[in-house]
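**Q** Can you read through this structure? Questions will come right after.
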C-alpha cells in the first residue's frame, strides 16, 4: 500500500502540488481517494482557504493546531482546509497531508474561485 499519495490542487491561475499521507488519517484518506477527483469553490479565512467536499468522515487523530502547508479535513463542516500560515484552530481537524509547492499562491485566492483536487498520475 502506498503511504504517500501525490495530488494536484488546481485553481484558475495556478496549481499546488501536495501529498496525502496515510499515517496521518488512514480512514479519512481512503474515503477521499474513492471520491476523487473533487471539485468545489473556495472560501477564505485568516491563514487558510477551505472548500466543501462530499465526504462524511469521523474524527481521526484530531488536532487543534495547523502548520503552514498542512492539508486538513474538518469532519463537522465536511471541508478540506489548506493552510498557508500557522493557526490555532477553533475546531478539531484531521491532518491528511502536506502542500509541497505553490503554497505562496493561496494568499492570492478570492472567495468563490474554482478548485479541483486529483491524484497525480
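**Q** Within the range 1-20, can you find the residues that are part of a loop (DSSP other than H, G, I, E, B) and without any contact (Cβ under 8 Å) to a residue 24 or more places away in the chain?
**A** Result: 1, 2, 3.
**Q** From 71, 23, 80, 33, which residue is within 19 Å of residue 119 (Cβ to Cβ), without any contact (Cβ under 8 Å) to a residue 24 or more places away in the chain and either loosely packed, with under 14 Cβ neighbours inside 10 Å or in contact with a strand residue (DSSP E or B) (Cβ under 7 Å, 6 or more places away or on another chain) (or both)?
**A** None of the others qualify; the one that does is 23.
**Q** Tell me which of these residue 81 doesn't satisfy, since it passes every other one: (1) in contact with a helix residue (DSSP H, G or I) (Cβ under 8 Å, 6 or more places away or on another chain); (2) at pLDDT 95 or above.
**A** Failed condition: (1).
**Q** Just give me the residues in the range 45-58 being in contact with a helix residue (DSSP H, G or I) (Cβ under 9 Å, 6 or more places away or on another chain) and either surrounded by fewer than 14 Cβ atoms within 10 Å (Cβ to Cβ) or closer than 25 Å to residue 86 by Cβ (or both), in sequence order.
**A** 48, 49, 53, 54, 56, 57, 58
**Q** Got at least one residue in the range 110-121 being surrounded by 14 or more Cβ atoms within 10 Å (Cβ to Cβ), over 23 Å from residue 2 (Cβ atoms) and touching a strand residue (DSSP E or B) at 6+ places or on another chain (Cβ under 9 Å)?
**A** yes
**Q** Only one of (1) assigned to a loop (DSSP other than H, G, I, E, B); (2) under 12 Å from the mean Cα position of the chain (by Cα) fails for residue 49. Which number is that?
**A** The single condition residue 49 does not satisfy is (1).
The values are calculated or read from the model by the stated rules, or taken from the named source; none is laboratory data. Remember, it's a predicted structure, so these values are computed and weren't measured experimentally. Neighbour counts are summed over all protein chains in view; Cβ atoms, including those assigned to glycine, are modelled from backbone coordinates with ideal geometry.
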